[in-house]
Amino acid sequence: MSLLQAAEREAWEEAGASGLVHAAEIARYPTFKRRGRLDLPTEMIVFRMDHTRLADSYPEAGQRERRFLPVA
């Protein structure tokens, strides 16, 4: 799976978001992902999505807070 395909999949699973994802990444930053009691270092890669549609029902609905943030 490409990074772009993974971004599309994660947007759907975690936020119920679908739309046109641009191939060029717009940001990258270090972060941590919790696995049990461990915080594993990882890198977040951000892509732009246009024409976004939000579903009421999606795989992780109720597990996360969905919000939009400005690019800045």
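The values are calculated or read from the model by the stated rules, or taken from the named source; none is laboratory data. Here the structure is a predicted model, which is why all the values come from computation and not from measurement. Cβ placement follows ideal geometry from the backbone for every residue including glycine, while neighbour counts extend to all protein chains displayed. Accessible surface areas use protein heavy atoms only, side chains included; no ligands, DNA or RNA. Shrake-Rupley method; radii C 1.70, N 1.55, O 1.52, S 1.80 Å.
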Within the chain, helix-based [θ] at 222 nm, where runs of 4 or more DSSP H residues each add -39,500 (n - 2.57), nearest 500: -5500 deg cm²/dmol
Between region 1-46 and region 48-72, the Cα center-to-center distance that results, in Å: 12
Where a label projected 7 Å from the Cα of H51 along Cα→Cβ would reach, residues of region 1-39 with amide N under 15 Å: 18-23
Take each of the peptides 17-28, 57-68, average the number of other beta-carbon atoms within 10 Å over its residues, and list them starting from the highest. 17-28, 57-68
What nm value, rounded to one decimal, do you get for the distance between Y29 and E43 when each label is placed 7 Å out toward the C-beta? 1.6
Can you send over the carbon and sulfur percentage of the accessible area for the chain, probe radius 1.4 Å, protein chains only? 53
Given backbone amide H placed at 1.01 Å from N, residues whose amide H is under 5 Å from that of F47, ignoring those fewer than 5 places away on the same chain, are I26
Cα-based Rg/(2.2 N^0.38 Å) for the chain, rounded to two decimals, is 1.16
Quick one: compute the contact order of the chain, relative version, from alpha carbon pairs under 8 angstrom and 6+ residues apart, as a percent. 37
How many Å² of accessible area per residue for the chain, probe 1.4 Å? 83
